[in-house]
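Trainee: This is the structure I want to talk about, given as structure tokens.
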Amino acid sequence: MHVERIVEPTVVVLFGVAGDLSWRLITPALFDLFVDGRLPPRFLLMGFDRADHDDQKLRDRLREGIAQFARRKRQHERIDEFLQQVRYHRGDLMDPEAYLALAAQLDAVNQSWGAQAQRAFYAATPPRFFEPISAHLGAAGLNEPRERSRIVIEKPIGHDLLSARAINAALGRSFKEKQIFRIDHYLGKETTQNILAFRFANPMFEPIWDRRYVECVTISVAESLGVERRAPYYEQAGALRDMVQNHLLQLLCLVAMEPPVSFAADEIRNKKMDVLHAIRPIHHDQVAEVAARGQYGPGWIDGQRVVGYRQEEGVAQDSPVETFAALRLFIDNWRWQGVPFYLRTGKRMAERLSEVIIQFRSVPHRTFPAGASLEWRPARLRLCLQPYEGIVLEFMAKQPGLSMVLRPVEMRFDYAESFSGPSPSAYETLLFDVMKNDTTLFMRADQVETGWSVLQPVLEVWGNSYPTEFPDYAAGTWGPYSASTPLIRDGFTWPPPLKIRRNGERNGG
Ligand code: BG6
């Protein structure tokens, strides 16, 4: 099999290399790419941080992370080989001199390689550093040459529309949009990318993928984990900012977009922008009707007692921050006019589950007698993203027997059964694309800002009214009583989760 690999000599500069993101996700993903023969023959990972490390200390720390989190961790004999390509640059992110010194080091690398390496500057740092990192890189001339220099940042990109605009403007002062890679790791997941493949490589569903046949669409991203050790961040964010603004809206775009003319980055991103632009604005006085929020209290997860959000370390005892959010959106265009899109996400929910469900309209006339079916279920197509990875079509069938009795049944495509071998984690895919200079799976500035404008009224209304009912759902349940508020008026409920044959699960990133 042909393995696509990067050929360009490449340096990845990792700002915040001593942090958790670098340790748990980024360097293990680079190691996996290395083991799979995807990295170029000339590759250097230059860690940049304030910590009192040197090359050896950094390598020792990264070794632990790789041994724990890499997909290829069993190949431990290759870890040292990989780490030979890791170096440390000690410096303060706010100190312009540190960037000049970095530039000198990177020039020396070019000289020793006898080549002009491409450079990716990855800000694995809290967002407050995005602006200074970008400015200092620009001042040190590290934003040039344009086609060989890139900056990578992670969500959250701002905490509202204004702050997101400020970050984008600051990045834009040093880098052109084509050089900026904004990560939303959901876009790197195999199952997310497969939404495009499923829709646009197969002709049979596309003709019914619209308002004439689709009754509603639900997008759920539920986690059984709580806030973990991220309270300082989460207390400033909440579910709407943390998940809906990025991951859920990106999924909505993939489900609702028009067929792209080509797979070119901007073609796909333009089609996604069309969806975001068409989302019907939410007025402040509609928020109570179309949005619901909640916060978990104590409860049970996998047989273990867990504390409520307000008892988590670092969380205020009267925290108003939502750990659950649900929303109804409409897309005002020809394809989707009148079809509700229901989005929900929450922490400490009954199970981990990410899925998109396309629910089709009922038959116009029921041919079968009322008694023919004890359970009449609408036809649904489930795009199961994680942990179960597959696509399930639910429809009615005749139960074998002498009389006409109907029963809901399922037809499944299961990744684990259809494809052998592990798939890359989202970070592997995204890092590989950064090195390939392919922005398709990354968020453009206008997408981020339009995403914020969709949610801005909800953020404002929630921000201005203290939720006296919190905590309002027990950990280990499907969210608060109000979770169905956005659906109830339309006569819907959240579809029940699929019963999974557990052996159908695969590892996925
Ligand atoms: C992150 C959020 O973007 O996505 C986290 O900040 C969340 O709060 C995580 O836990 C979920 O990602 P995944 O890949 O585990 O579904």
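Trainee: What percent does the relative contact order of the stretch 6-165 come to when contacts are Cα pairs within less than 8 Å and at least six residues apart?
Mentor: 28
Trainee: What is the sum of charges, Lys and Arg at +1 and Asp and Glu at -1, for the other residues whose Cβ falls under 13 Å from the Cβ of Ala231?
Mentor: Within the 13 Å Cβ shell, the charges total -1.
Trainee: On to the next question. Can you list, bin by bin at 5 Å, the percent of alpha carbon pairs in the stretch 14-64, starting at 0?
Mentor: In order of increasing distance, the bins hold 4, 20, 32, 24, 15, 5, 1 percent.
Trainee: Evaluate the stretch 162-298: find the radius of gyration of its Cα atoms, find its Kirkwood radius, and give the ratio Rg to Rh.
Mentor: Expressed as Rg/Rh, it is 0.98.
Trainee: Determine the distance separating the Cα centre of the stretch 315-329 from the Cα centre of the stretch 135-192; give it in Å without decimals.
Mentor: Between the Cα centres of the stretch 315-329 and the stretch 135-192 lies a distance of 28 Å.
Trainee: How much of the pair distance distribution for the stretch 118-222 lies past 23 Å, counting alpha-carbon pairs only, in percent?
Mentor: For the stretch 118-222, the share of Cα pairs beyond 23 Å comes to 47 percent.
Trainee: Residue by residue, what Karplus-based ³J(HN,Hα) values in Hz, rounded to whole numbers, does the stretch 85-92 have, using 6.51, -1.76 and 1.60 with θ = phi - 60° and x for Gly and Pro?
Mentor: Ordered by residue, 3J(HN,Hα) equals 9, 10, 9, 10, 10, 7, x, 8 Hz.
Trainee: Then there is this: Based on the Cα gyration tensor of the stretch 259-403, what are the three equivalent ellipsoid semi-axes, each the root of five times an eigenvalue, rounded to whole Å and given largest first?
Mentor: 34, 27, 18
Trainee: List the relative contact order of the chain as a percent without decimals, with contacts defined as Cα pairs under 8 Å and 6+ residues apart.
Mentor: 17 percent.
Trainee: Provide the FRET efficiency to the nearest 0.05 for the Lys499-Arg74 pair, computing r from the beta carbons and using R0 = 30 Å.
Mentor: Taking R0 as 30 Å, the efficiency between Lys499 and Arg74 is 0.40.
Trainee: Let me ask something else about it. Grab the beta carbon distance between Asp285 and Arg305, set R0 = 30 Å, and tell me the FRET efficiency rounded to 0.05.
Mentor: Working: r = 41 Å, r/R0 = 1.35.
In this case the efficiency is close to 0.15.
Trainee: Using a cut-off of 11 Å between beta-carbons, work out the net charge of the residues near Ala222 (Lys and Arg +1, Asp and Glu -1, Ala222 not included).
Mentor: +1
Trainee: Give me Lys178, Lys155 sorted ascending by neighbouring Cβ count inside 10 Å, so fewest comes first.
Mentor: Lys178, Lys155
Trainee: Then there is this: Please work out the FRET efficiency for the pair Asp52 and Arg229, using the Cβ-Cβ distance as r and a Förster radius of 25 Å; give the result to the nearest 0.05.
Mentor: Calculated value: 0.65.
Trainee: Roughly how large, in nm² to one decimal, is the mean projection of the convex hull of the alpha-carbon atoms in the stretch 25-141? Could the numbers behind the result be given before it?
Mentor: Details: hull surface 29.9 nm².
Approximately 7.5 nm², given one-decimal rounding.
Trainee: For Gly463, what is the net charge nearby, where nearby means another residue's Cβ is under 12 Å from its Cβ and Lys, Arg count +1, Asp, Glu -1?
Mentor: -1
Trainee: Among bridges DSSP assigns within the chain, what percent are antiparallel (round to 5)?
Mentor: Working: 43 of 79 bridges.
Bridges in the chain that DSSP calls antiparallel: roughly 55 percent.
Trainee: Something else: In whole Å, what is the distance between the alpha-carbon centres of the stretch 365-379 and the stretch 448-465?
Mentor: 42
Trainee: Turning to a different aspect of this structure: Taking the Cα atoms only, what angle lies between the long axis of helix 161-174 and the longest principal axis of the chain, rounded to 10 degrees?
Mentor: 30
Trainee: Right, next: Could you work out the Kirkwood radius for the chain, taking every pair of different alpha carbons, averaging 1/r and inverting it, reported in Å? Don't skip to the answer; put the middle values down first.
Mentor: On the way: mean 1/r = 0.0408 Å⁻¹.
Evaluated over the chain, this radius sits at 24.5 Å.
Trainee: Could you check the spin-label model distance between Gln84 and Gln111? Points 7 Å from the Cα along Cα→Cβ, value in nm.
Mentor: Result for the modelled spin labels: 2.4 nm.
Trainee: Given axes a ≥ b ≥ c from the Cα gyration tensor, I'd like to know whether the stretch 399-453 is rounded (a/c under 1.5), prolate (a/b larger than b/c) or oblate.
Mentor: It is oblate, given that a/c is not under 1.5 and a/b is not larger than b/c.
Trainee: Taking θ = phi - 60°, what integer Hz values does the Karplus form 6.51 cos²θ - 1.76 cosθ + 1.60 yield along the stretch 267-282, in sequence order, with x for Gly and Pro?
Mentor: Calculated HN-Hα couplings, in order: 5, 5, 5, 5, 5, 5, 4, 4, 5, 4, 5, 8, 5, 5, x, 9 Hz.
Trainee: A follow-up question, please. Sort 4-11, 204-211 by the packing proxy (mean of other Cβ within 10 Å over each peptide's residues), most packed first.
Mentor: Details: 4-11: 16.4, 204-211: 13.0.
Going from most to least packed, we get 4-11, 204-211.
Trainee: Still on this structure: According to the square roots a ≥ b ≥ c of the eigenvalues of the Cα gyration tensor, what is the shape class of the stretch 427-488, taking rounded for a/c under 1.5, prolate for a/b larger than b/c otherwise, and oblate for the remainder?
Mentor: Cα axes put the stretch 427-488 in the prolate bin.
Trainee: Given +1 on the Cβ of Lys and Arg, -1 on the Cβ of Asp and Glu, and no further charges, what dipole in debye does the chain carry about its Cα centre, rounded to the nearest 20? Working shown, then result.
Mentor: Values: 62 positive and 63 negative charges, 233 e Å.
Here the size comes out at about 1120 debye.
Trainee: Now, a different point. Exposure proxy check: Thr192, Thr468 ranked by fewest other beta carbons within 10 Å?
Mentor: If I rank by nearby Cβ atoms, fewest first, I get Thr468, Thr192.
Trainee: Dividing the alpha-carbon Rg of the stretch 78-147 by 2.2 N^0.38 Å yields what?
Mentor: 1.20
Trainee: In degrees, nearest 10, range 0 to 90: what is the angle between the Cα axis of helix 445-464 and the longest Cα principal axis of the chain?
Mentor: Result, in degrees: 60.
Trainee: To make sure I understand, if each residue's beta carbon is the centre and we count other beta carbons within 10 Å, what order do Arg72, Arg199, Arg182 fall in, fewest to most?
Mentor: Arg199, Arg72, Arg182
Trainee: For the stretch 120-132, in order, what is each residue's ³J(HN,Hα) by Karplus, 6.51 cos²θ - 1.76 cosθ + 1.60 with θ = phi - 60°, in whole Hz (x at glycine and Pro)?
Mentor: 10, 9, 9, 8, 8, 10, x, x, 5, 8, 4, 5, x
Read-outs throughout are calculated quantities, based only on the coordinates presented, and are distinct from any laboratory measurement. Every value quoted in this text rests on a predicted model; they were computed, and no experiment measured them. Here Cβ is always computed from backbone atoms with ideal geometry, including for glycine, and neighbour counts include all displayed protein chains.
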